[in-house]
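Single-structure report; data block below.
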Amino acid sequence: MQVLDALTRTARDLANGNIVPSLAETEVARQMQICNACRYCEGFCAVFPAMTRRLEFGKADIHFLANLCHDCGACLHACQYAPPHEFAINVPRAMARVRVQTYADYAWPSALGKLYQHNGLGISLVLVFFLAFFLFLAVLANGAPWKMSMGADFYDIFPHGILVLLFVPVFLFASLALAIGVRRFLRDITVATSGAPLTRPAAAQAADAVLRLKYLDGGHGAGCHDEDDAHTLARRRFHHCTFYGFLLCFAATSVATIYHYFLGLAAPYDWPSLPKILGVAGGFGLLIGTTGLCWLKLRRHPLHGDQAQKPMDQGFIALLFLVSASGFALWLCRGTQALPMVLCLHLAAVMALFATLPYGKFAHGVFRSAALLRYCVERRQPGRLDHCG
Ligand code: SF4
Ligand code: SF4
């Protein structure tokens, strides 16, 4: 059975012209061979139990394992073979290098996969600046904003129809690109993870792991690592704030859309309407979460993760922060002459966030969820090695 699996994967790789492993993939395979003999870190996360089901590591296995890892650093600080040992085991770094490669390899359209290498803080801020500039030019073309009446609101500046025309195509493209990318990824790792179909218990277990960010507890509940070998739950908590903040903001927009199209209630919505409550709660979550994650990133141990990917992480965090901060500024500026300028900045930040979603750090959440789904399916199957010997 194991041989058949390997042959199937090789045939797929050959058909894709994708047979030669990259340097990053070869390095993960080398480290996994050593870890598989050691197995000290078995209880830390999903990577090690998945590793023990394998003797060899093909491309799809490596892509699967790399996306199960979330760079908590636990196995680095526990490892007796970590640098300066000659084995130079640094699993989080090796996995991070493959992870970003998988986002690019499975990206849709394929040519845009290169954007992962360029997506960073500078690009994000420049994009926001130019979008805000062009939006402000559009406002100017409609008349001097400083002559606007004090009671003016968002839709006096940008009519609802224009906002829909601007945002719906960007949102649909981002959703489609992410969906196709993760489907390509799932197609490959499904073969590598027994090929068994998804079941309800497996889906429920994966959803539980994603929603609780289960593996950010280090496997023992004390948390993961940042600047040293001390455990901390700070990263898990800031991730939770960011994750649920984003979901609440998304829920606020969805409820507002229902209000507008089905209940005939036009924005802006005042306190304590449901869109406002969801938006404010989500905005606070994003502000706290992104500020905390940024602070932790500045203090992280230099051996954690892949330094080359720092700009991509920072770009995503900065855009989320800008979206929430400008959203609150918008609330404070209602009825003032600063409103047009702040609205342009907020819309530009939202648009830049959605335009870069499929080619930036957001992919981590989507690919990781897919990998966890297959992990929960695979662990319900008899191990391939159970038939050996
Ligand atoms: S990371 Fe180090 S300690 Fe952990 S399983 Fe691998 S070799 Fe062993
Ligand atoms: S860094 Fe954390 S998540 Fe990644 S393999 Fe090591 S223990 Fe697992």
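The values are calculated or read from the model by the stated rules, or taken from the named source; none is laboratory data. Note that the structure is a prediction, hence the values are computed from the model and not measured. Every residue, glycine among them, receives a Cβ derived from its backbone with ideal geometry; neighbour counts consider all protein chains shown. For the accessible areas, the whole protein counts, side chains as well, though only heavy atoms, and no ligand, DNA or RNA atoms are used. Shrake-Rupley method; radii C 1.70, N 1.55, O 1.52, S 1.80 Å.
Worth a mention:
- C-alpha long axis of helix 200-212 to longest principal axis of the chain, angle in °: 60 degrees
- Relative contact order for the chain: 27 percent, from Cα pairs under 8 Å spaced at least 6 residues apart, divided by residue count.
- Extension gain, Gln117 back to Trp331 (0.36 nm per residue minus Cα-Cα distance, nm): 73.5 nm
- FRET efficiency estimate (nearest 0.05) - Cβ-Cβ, Val164 to Trp271, R0 22 angstrom: 0.35
- Counted by Cβ distance under 15 Å from Val210, the other residues give a net charge of +3, where Lys and Arg count +1 and Asp and Glu count -1.
- Label zone of Ala281 (point 7 Å out along Cα→Cβ, amide N under 19 Å): in the stretch 223-262 this covers 237-259.
- The solvent-accessible area of Trp271, taken with every protein chain present and a 1.4 Å probe, is close to 140 Å².
- One compactness figure for the chain is 1.09, namely its Cα radius of gyration divided by 2.2 N^0.38 Å.
- A simple spin-label model places the labels of Ala222 and Asp156 5.9 nm from each other, with each point 7 Å out along Cα-to-Cβ.
- Computed [θ] at 222 nm, deg cm²/dmol, the chain (DSSP H ≥ 4; -39,500 (n - 2.57); rounded to nearest 500): -21500 deg cm²/dmol
- Ala203 paired with Leu233, simple spin-label distance in nm, labels 7 Å along Cα-to-beta-carbon: 3.1 nm
- As a length-normalised measure over Cα pairs under 8 Å and 6 or more apart, the relative contact order of the stretch 280-389 settles at 27 percent.
- Residues Leu23 and Ala141, FRET efficiency given R0 of 45 Å [Cβ-Cβ distance, rounded to 0.05]: 0.30
- Near Tyr269: Cβ cut-off under 15 Å, other residues only, Lys/Arg at +1 and Asp/Glu at -1. The net charge is 0.
- Percentage, to the nearest whole number, of Cα pairs in the stretch 18-103 over 16 Å apart: 45 percent
- Leu372 sits among other residues whose Cβ lies under 13 Å from its own Cβ, and their net charge, with Lys and Arg +1 and Asp and Glu -1, is +3.
- A crude spin-label estimate for the pair Lys214 and Ala196, with each label 7 Å from Cα along the Cβ direction, gives 1.5 nm.
- Residue among Ala234, Ala78, Ala352 with the largest mean-square fluctuation in a Gaussian network model of the chain, springs linking Cα atoms under 10 Å: Ala78
- For the chain, the longest principal axis of the alpha carbon atoms and the long axis of helix 234-262 meet at an angle near 50°.
- When you restrict to C-alpha pairs under 8 Å that are six or more residues apart and normalise by the size of the stretch 170-258, the relative contact order lands at 13 percent.
- FRET efficiency for Ala88 and Leu296, using Cβ-Cβ distance with R0 set to 41 Å, rounded to 0.05: 0.95
- Helix axis angle, 2-15 relative to the chain longest principal axis, alpha carbon, degrees: 50 degrees
- The chymotrypsin sites (Phe, Trp or Tyr not before Pro) of the stretch 31-61 that meet both conditions, a loop assignment by DSSP and at most 15 other Cβ atoms within 10 Å of the site Cβ, are Tyr40.
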